[in-house]
């Protein structure tokens, strides 16, 4: 199992915004990216419209963009290894 961090940006486009970092364990970074995309594509959500993945609940809207015809398409969130996440934070200081 690999230690990973899921990052996405959450906002209501008016009064609230936040960088969300969710740690989780998964077989590999590549498998996590693929499985999350497949889960999004299945359309399965909980009653709050969240995709539940590896113990994390992500609002489906933060994994979705819309094309010019207003058709939903997958917007891949950033998944980092723990080392990649650490290096990105150290470089911010």
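No value in this document is a laboratory result; all are computed from the given coordinates. Here the structure is a predicted model, which means the values were calculated and not measured. Note that each Cβ is placed from the backbone with ideal geometry, even for glycine, and that neighbours are counted across all protein chains shown.
The residue pairs whose first member lies in region 19-32 and is under 7 Å from residue 2 (Cβ atoms), whose second member is part of a helix (DSSP H, G or I), and whose beta carbons are closer than 6 Å, counting only pairs six or more residues apart or on different chains, are 26/32. Every condition in (1) touching a helix residue (DSSP H, G or I) at 6+ places or on another chain (Cβ under 8 Å); (2) more than 20 Å from residue 35 (Cβ to Cβ) holds for residue 91 except the one numbered (1).
Please go through region 71-93 and give me each residue that is within 14 Å of residue 7 (Cα to Cα), part of a strand (DSSP E or B) and free of Cβ contacts under 8 Å to residues at least 40 places away in the same chain, ordered by number. Result: no residue meets the conditions.
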